Structures are given as C-alpha cells and as structure tokens.
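Have a look at the structure below before the remarks.
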Amino acid sequence: MKYQLIIFDWDGTLMDSLDKIVLCMQQATKQIDIAVPSEAAIKDIIGLSLLTATQQLFPDLPFIKQQQLVDAYRDRYHANQHIETPFYDGIADMLVNIQQRGYQIAVATGKGRVGLDRMIAKTNTAHLFSGTVCADEAHSKPDPLMIKMLLDKLAIPAEQALMIGDSIYDLEMAANAGIDSLGVSYGVHNSTQLMQAKPKAILDCLATELDSYI
C-alpha cells in the first residue's frame, strides 16, 4: 500500500449534489433580492466554505448581506431535502472495498458539520470514515488546515496520504499540505483547470480507476 490514508472531498467527488447546490444558491439570491448568478459562476465556488464562497461570488456585497445570503442558502438547502443527492455510481461499493483492504478513509469538505453529518447518516456510511473535517471547523480550502487536522488526528505522515477532489481548491489544498492528489473530471472544474495544481492524474470514473493509483 503506497498510502495509508485516502481523503475525499464530498460534493462533486463522492456525492452527485452539484445541481442541488446551484438551485439552492439561485433560490437564496432571489430570497434576499440580489442578482441571480449563473450556474457556471456558482459551480466555480463550490468547495469553498459557504461565507468564503459568497464573498467570492459577490465581492462587492456588504457583509451583512453576505451573512443574509449564507442564512438564505442554508434555509433553501434544508427546504429542498426532497431533492435526492445520491453517491455517484459505484462510490458506495468502492468505499467499502478500500476500507476492507486496510486503507483509512477521511473527508475534507466545504460542507458544514450539520450538513455532512446528515448526509453520512442518510447514506449509512459513518463506519467507513476514520475522520471528517468540515468548513465550519477549519479555514476554507485551499488552506491546508483541514488536511493537517486529519493527519494529526490519525497520526499519518504526509507522504502516506492522498487527497481526491473535483475542484482546484481541493488539489491546491493538498499541494499546500504537502500530500499527493488526484482530480476527478466530472465535478465543478475541468481537467485543464485541475492540472494547474499538478495532481498525479485526473480520473474520469473514480470508482473504477482509483485502484491504479493507490
């Protein structure tokens, strides 16, 4: 085993939730009566912590309005619980398989703790993860703190950890933490963007291609 620890991003990497995030952000902007951003603009900030994302999306918006947007987004996400966000094909089986083979699995996500815990409970996967760090517990990606917290908690050296994500923020976070990374091509940023962070590879299907790199 080249790696002891495999760290996954959540939205857009493990879970097919990007369309729901876009919808909720567009609804939230309507709710507080500001300009509705495009799907592409919203996808570009997915992976950042929520307040950092809204600040990047609306840099000239007063801070009090930023906070209103964060609250409105959370309201809309909760109100849209009926919209399913399943794992991508093969992901659930892949997680079970790599854990059974002795790898430790962790999550470093831009989701908040309440949201991640809800999704982990809904997918019945709590037993698979050795550690999880959320955006409201650390600095926003691409700051390396999330990864460093996981490495410290699990006593894993950086050279034995691998980060996997769909955004440039995930891969830059890995580079800033001094660990290897893999990108996936089906999420928020395309392969050309992801290659700027120098991952080991870009995978088109995480569930079937991961074995070649671990």
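The values are calculated or read from the model by the stated rules, or taken from the named source; none is laboratory data. Keep in mind that what you see is a predicted model, and the values were worked out from it rather than measured. A quick note on method: Cβ atoms are made from the backbone with ideal geometry, for glycine too, and the neighbour counts reach across all protein chains shown. Heavy atoms of the whole protein, side chains included, go into the accessibility calculation; ligands, DNA and RNA do not. Shrake-Rupley method; radii C 1.70, N 1.55, O 1.52, S 1.80 Å.
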**Fill in**
In the stretch 190-209, anything touching a residue at least 40 places away in the same chain (Cβ under 8 Å), surrounded by fewer than 21 Cβ atoms within 10 Å (Cβ to Cβ) and of a type outside the set (S, T, N, Q) is listed as CYS205, ALA207
**Message:** Please count how many residues of the stretch 100-133 are among the basic types (Lys, Arg) and not in a loop (DSSP other than H, G, I, E, B).
**Reply:** 3
**Asked** With respect to THR123, is the statement that it is in contact with a Lys or Arg (Cβ under 8 Å, 6 or more places away or on another chain) and polar (S, T, N, Q) true?
**Response** no
**Message:** Checking the conditions here, which among ALA53, ALA72 is within 15 Å of the chain's Cα centre (by Cα) and part of a helix (DSSP H, G or I)?
**Reply:** ALA53
**Request:** Among the residues of the stretch 172-196, write down those that are in contact with a Gly (Cβ under 6 Å, 6 or more places away or on another chain) and either within 22 Å of SER212 (Cβ to Cβ) or among the polar types (S, T, N, Q) (or both).
**Result:** GLY187, LEU194
**Message:** Could you go through the stretch 76-99 and let me know if any residue there is open to solvent by 10 Å² or more (accessible area, probe 1.4 Å), β-branched (Val, Ile, Thr), in a helix (DSSP H, G or I) and within 25 Å of LEU23 (Cα to Cα).
**Reply:** no
**Request:** Would you point out which residue out of ASP136, ASP143, ASP152 is surrounded by fewer than 21 Cβ atoms within 10 Å (Cβ to Cβ), in a loop (DSSP other than H, G, I, E, B) and either without any contact (Cβ under 8 Å) to a residue 60 or more places away in the chain or not β-branched (Val, Ile, Thr) (or both)?
**Result:** ASP143
**Message:** Pull out all pairs, ordered by first then second residue, where Cβ-Cβ is under 6 Å, the residues are six or more apart or on different chains, the first lies in the stretch 71-97 and is aliphatic (A, V, I, L, M), and the second is modelled with pLDDT of 95 or more and surrounded by 13 or more Cβ atoms within 10 Å (Cβ to Cβ).
**Reply:** ALA72/ALA28; ALA72/GLN31; ALA72/ILE32; ILE83/LYS20; ILE91/LEU14; ILE91/ALA207; MET94/ALA207; LEU95/LEU128
**Single residue of the stretch 41-75 satisfying the filter (open to solvent by less than 80 Å² (accessible area, probe 1.4 Å) and aromatic (Phe, Trp, Tyr)) that is farthest from LYS122 (Cα to Cα)** = PHE58
**Asked** Looking at the stretch 1-31, which of its residues are open to solvent by 20 Å² or more (accessible area, probe 1.4 Å) and not in a helix (DSSP H, G or I)?
**Response** MET1, LYS2, GLN4, ASP16
**Asked** Taking GLY187 and the conditions (1) within 19 Å of ILE91 (Cβ to Cβ); (2) open to solvent by less than 10 Å² (accessible area, probe 1.4 Å); (3) touching a Ser or Thr at 6+ places or on another chain (Cβ under 9 Å), which numbered condition does it fall short on, given that it satisfies the others?
**Response** (2)
**Item:** From the options GLY112, GLY183, residue that is at pLDDT 95 or above and within 14 Å of the chain's Cα centre (by Cα)
**Value:** GLY183
**Prompt:** Restricting to the stretch 155-203, what's the tally of residues that are closer than 20 Å to HIS139 by Cβ, hydroxyl-bearing (Ser, Thr, Tyr) and outside any helix (DSSP H, G or I)?
**Reply:** 2
**Request:** Scan (1) within 22 Å of LYS20 (Cβ to Cβ); (2) open to solvent by 10 Å² or more (accessible area, probe 1.4 Å); (3) out of contact with any Leu (no Cβ under 8 Å at 6 or more places or on another chain); (4) in contact (Cβ under 8 Å) with a residue 40 or more places away in the chain for the single condition ILE120 breaks and write down its number.
**Result:** (4)
